[in-house]
Amino acid sequence: MTVPSTVNEGLGAFLAATAPKDLARVLTALADASIEVASRIRRGPLGGALHADVGPDHDGVAQKALDVFADQAFIGALKGSGVRGVVSEEREDFVALDSDGTFLVAIDPLDGSSNIEANITIGTIFSVLDAPPGTLEAAHFLQRGTRQRAAGIFVYGPHIDFAFTIGHGVSVATLDPEDGVYRITTRRVEMPQASSVFSINAANARHWKAPVRSYIEDLVEGEEGPRGRNFNMRWVGSMIAEVYRTLLSGGVYLYPEDSREGYENGRLRLLYEASPVALLIEQSGGAAIDGYRPILTIEPESIHVRSPLIFGSKDKVERVARYYGDEGEARLPPLFGKRGLMRR
Ligand code: FDP
């Protein structure tokens, strides 16, 4: 059961009591930067055109002014916090920070950039890893998700929440706008298993592979279909908002691979999107897969590698995995359209 906090404990005191000192320092630096980013977001257009395109990033994707501001705020705050290097979605190469640092950070400084102008929830996603010994190189970041020391999201919505894990459960701190201090509001999040919500960009339906098409079709058919009950769809278009809603309310989220060029491995990045999200989801009692494998077991091939991502309540994710399973993979394409499979 989700355990709320009743003592109004500050984030600093909570981390001092629950996290190793060096790790607490990194999380505190990240939290400090998030306050800077949040206060910039709160001013909206009064602080300048945060959604303005400032050029393509290293991958050819439009980079917004707020992407760049957030990237600089987080990297700036991590200097001197014991972090040897950072991989950021906004930069092609890693950034070297403290040469004697013992941690690495992978970060998406601003998730949901296309929603900035519309004043819709956006956020930051990060992952903390141990820094292997030796001169820093990109290969040091290529660690599977099970090796994360911490992961978290800052959710810039109607209020600011920080959901994080250091490997034993997920806690949430909320930023108090009165004094600019994060206070623990939920000591332990337990994701509900029962939910009728699914979340996917249905505009891509014609590009999906058979397992995803078949799974979603069965949900959409509702009471008249094989599942015999109705479902509901939510799609914010900021993954961070879908992650947070799923942590608190359950459901299932899918950004699968599809047949579009460049989407062979989905859209989301393994190191600083899928991996930290998977750790948060698992630590709250849910599951996260790429269709076939738990996200946390995947060995990253490069720092910006993408991965399909399906996460949510455990039984729902297990069901999706059955659609992807050997039997489904082998039998779905020819039978697709009659849809008699995998409806357990
Ligand atoms: P964005 O590029 O706007 O930062 O991380 C990528 C992401 O947002 C997710 O937050 C969002 O859900 C997704 O892209 C939206 O992608 P589609 O437009 O392909 O659905």
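The values are calculated or read from the model by the stated rules, or taken from the named source; none is laboratory data. All values reported here derive from a predicted model rather than from experimental measurement. Here the Cβ positions follow ideal geometry from the backbone for every residue, glycine too, while neighbour counts run over all protein chains shown. Protein only, heavy atoms only, side chains kept; ligands, DNA and RNA dropped before computing areas. Shrake-Rupley method; radii C 1.70, N 1.55, O 1.52, S 1.80 Å.
How many percent of DSSP beta bridges within the chain run antiparallel, rounded to 5?
So the antiparallel bridges amount to about 80 percent of the total.
Counting only heavy atoms of the protein chains, get the accessible area per residue of the stretch 62-151 (1.4 Å probe) and round it to a whole Å² value.
Dividing the accessible area of the stretch 62-151 by its residue count gives 37 Å².
Considering just Cα atoms, how many Å³ per residue does the convex hull of the chain enclose?
132 Å³
Set the Förster radius R0 to 45 Å, insert the Cβ-Cβ distance between T135 and W235 as r into 1/(1 + (r/R0)^6), and round the FRET efficiency to 0.05.
Step by step, r from the Cβ atoms, then E = 0.55.
For S114 and R293 in the same chain, what is the full-extension length gain: residue separation times 0.36 nm, less their Cα-Cα distance, in nm?
Here the segment from S114 to R293 would lengthen by 61.5 nm.
Quickly work out the K314-to-D98 label distance, labels modelled 7 Å from Cα along the C-beta direction, and quote it in nm with one decimal.
3.7 nm
Given labels modelled 7 Å from the Cα in the Cβ direction, how far is it in nm from N201 to D176?
It is 4.0 nm.
Apply the membrane-span-like helix rule to the chain: whole DSSP H runs, Cα extent along the own long axis of at least 24 Å, mean Kyte-Doolittle hydropathy at least -0.5. List the helices found. Provide the component values of the computation, followed by the final result.
On the way: long enough: 21-42 (31 Å, 0.35).
Result, helices passing both filters: 21-42.
Enter the accessible area per residue of the stretch 197-337 (Å², integer; probe 1.4 Å; all protein chains in place).
39 Å²
Skipping prolines and chain starts, which residues have an amide H placed within reach, meaning under 5 Å, of the one on E190, given they are 5 or more residues away or on another chain?
Amide H to amide H, under 5 Å and 5 or more residues apart or across chains, E190 pairs with T2, V3.
Helix-derived [θ] at 222 nm for the chain: sum -39500 (n - 2.57) over DSSP H runs of at least 4, divide by residue count, nearest 500?
Result for the chain: -8500 deg cm²/dmol, rounded to the nearest 500.
Between beta-carbons, use under 14 Å as the cut-off and find the net charge around R147, counting Lys and Arg +1, Asp and Glu -1.
Every neighbour counted, the sum reads -1.
Within the stretch 11-186, what whole-number % of the accessible surface is contributed by carbon and sulfur, with the 1.4 Å probe and all protein chains included in the calculation?
51 percent
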